[in-house]
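Heads up, the thing below is written out as structure tokens.
What follows is calculated from the coordinates using simple rules that are stated; it is not laboratory data. Computed from a prediction, not measured in an experiment: that's the story for all the values here. Because the Cβ atoms are built from the backbone with ideal geometry, glycine has one as well, and the counts that use them run over all protein chains shown.
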Amino acid sequence: MKMLLANAEAWPGFDTTVGLLKQGGASIAAMVSGIAKVEREAKVRSVGYGGWPNMLGEMEFDAGVMDGATRDVGAVGAVPATLPVSALAYEVMQHLPHVMLTGAGARRFASERGFAVDEVLHPDSKRVWWERLQKEMSPEQLAAFPDIALAPLSNAITDPERVRDTTVFLGRDATDNIGVVTSTSGWAWKYPGRLGDSPIPGAGFYADSRYGAAACTHTGEMTMRCGTSRSIVLAMRLGYSLQDAIKLAVEELSELKSGFLAGVVIHAIDAKGNHQVVNYRCEEEIRYWYWDERMAAPELRVAAQA
């Protein structure tokens, strides 16, 4: 059964991917086409052009793709000047023997594959970044910026709107192949070079068409420590239901007692056509988009509380 699951901020491209799946398109290509529209939408403030810069005022993008039929993966991290970055991750999967590229190397590969060098810092993001940063710096730090120690500021600044979201698409096509695509600009004001879980297979995403797929948003530092997405798919392989597999993953997250702890949202589907989105410790109401071939149109639904 054709189906598509995504977070609420996927709205600019969700219908695009649904249309391609209806036409018989392959899951990964269809999702990359849809998520590219999210990455270029300035109103989406956690991904692509609408996202927030790092502490130096530079945009760094992360993305990942995984084909559940082959378990091939492509991922990129801390990529500058590139949109759509999920498409670049797809290029890595298709054209390199590697799984992941980061930073300048990823940008070099983007140029080789014909990607333009894009202007990616939204003027409003630049304004808010500088206003926020100035509030936390002394006159001496302001005068010396950017040649200052950034680590002491990293805990003080955090996010302007607690934006730690990621765009995740989980889809199943006409051949019953399940795939996942992720994209994010990461935490606002992150330390330069920080990678979240979004480009990390097994943490931010994982797919195996025989059993299902999972992807996470919000606090990637936690899901990297627990291997959350892989745990869910592995549990289903071992005979757990989708609901029980997610419950197991939430229990693992709840066992963390040190480090940065906050909310996590788990999106998952199984090979039987079931889906579930679970909100673990996020204070706000979490919504998501869902569609399958039995439905006349996609629906925006509310996630379950863990």
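Tell me the angle of helix 103-112 to the major Cα principal axis of the chain, expressed in degrees between 0 and 90 and rounded to the nearest ten. The angle comes out near 60 degrees. Over 18 Å apart at the Cα level, from the set K135/K190; K2/K272; K43/K135; K126/K190, are K43/K135.
A Förster radius of 41 Å, combined with the Cβ-Cβ distance separating V302 from R237, puts the computed FRET efficiency at roughly 0.90.
When Rg and Dmax are taken over the Cα atoms of segment 247-294, they come to 13.3, 44 Å.
When each of the peptides 297-303, 73-79 is scored by the mean number of other C-beta atoms lying within 10 Å of its residues, the order from highest to lowest reads 73-79, 297-303. Note that the chain shows a convex hull volume over its alpha carbon atoms of 122 Å³ per residue. For the chain, the mean residue ellipticity at 222 nm estimated from helices alone is -10000 deg cm²/dmol, where every DSSP H run of n ≥ 4 contributes -39500 (n - 2.57) and the total is divided by all residues, rounded to the nearest 500.
Separation of segment 179-247 from segment 6-29 is 20 Å, based on Cα centroids.
Sorted from longest to shortest, the spans of the Cα atoms of segment 172-213 along the three principal axes equal 41, 16, 10 Å.
Note on segment 1-110: Cα convex hull, mean projected area over all directions, 7.1 nm².
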